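Asks: Have a look at the structure that comes next, please.
The values are calculated or read from the model by the stated rules, or taken from the named source; none is laboratory data. Nothing here was measured: the structure is a model prediction, and the numbers come from that model. For neighbour counting, all protein chains shown are included, and Cβ atoms are generated from backbone atoms with ideal geometry for every residue, glycine included.
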Amino acid sequence: MIIVQSKNMKREIIDYFKISESKIQIIYNPIDFDEIDNLKHKKIEEDFDSKKINLLEYKDNPYSYMYNSDILILTSNRETFPNVVL
């Protein structure tokens, strides 16, 4: 059994590796992004001067923001090879 997180991932496994569809199970990511967003804003307001921090919503192309930034904060504790930096 192969577990994937989306229909697109399932389709890629079938197309690229010629694996039977019956051997692939989709389990969608159970993360509640709305709750994370609410907690993020609450925590920032509690811990920092929110006038100095600007939290942006999701951007399809963040590169112009990164290019014009003085600092990049990578918040992942477990990412062994941080592709965002590349």
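Asks: Which one is nearest to residue 69 (Cα to Cα), of the residues in region 1-20 that are touching a residue at least 24 places away in the same chain (Cβ under 8 Å) and aliphatic (A, V, I, L, M)?
Replies: 3
Asks: Take the residues in region 31-67 that are part of a loop (DSSP other than H, G, I, E, B) and of a type in the set (Lys, Arg); name whichever of them is nearest to residue 5 (Cα to Cα).
Replies: It comes out as 59.
Asks: Next question. Can you tell me how many residues within region 1-30 are of a type outside the set (S, T, N, Q) and part of a strand (DSSP E or B)?
Replies: 5
Asks: Out of the residues in region 1-56 that are of a type in the set (Phe, Trp, Tyr) and under 26 Å from residue 73 (Cβ atoms), state the one that is modelled with the highest pLDDT.
Replies: The selected residue is 33.
Asks: Still on this structure: So, residue 14, is that one loosely packed, with under 11 Cβ neighbours inside 10 Å and among the β-branched types (Val, Ile, Thr) or not?
Replies: Considered against the rule, which asks whether it is loosely packed, with under 11 Cβ neighbours inside 10 Å and among the β-branched types (Val, Ile, Thr), residue 14 comes out as no.
Asks: Starting from residues that are among the polar types (S, T, N, Q) and surrounded by 10 or more Cβ atoms within 10 Å (Cβ to Cβ), keep the ones in region 21-61 and report whichever is nearest to residue 71 (Cα to Cα).
Replies: Top of the filtered list is 50.
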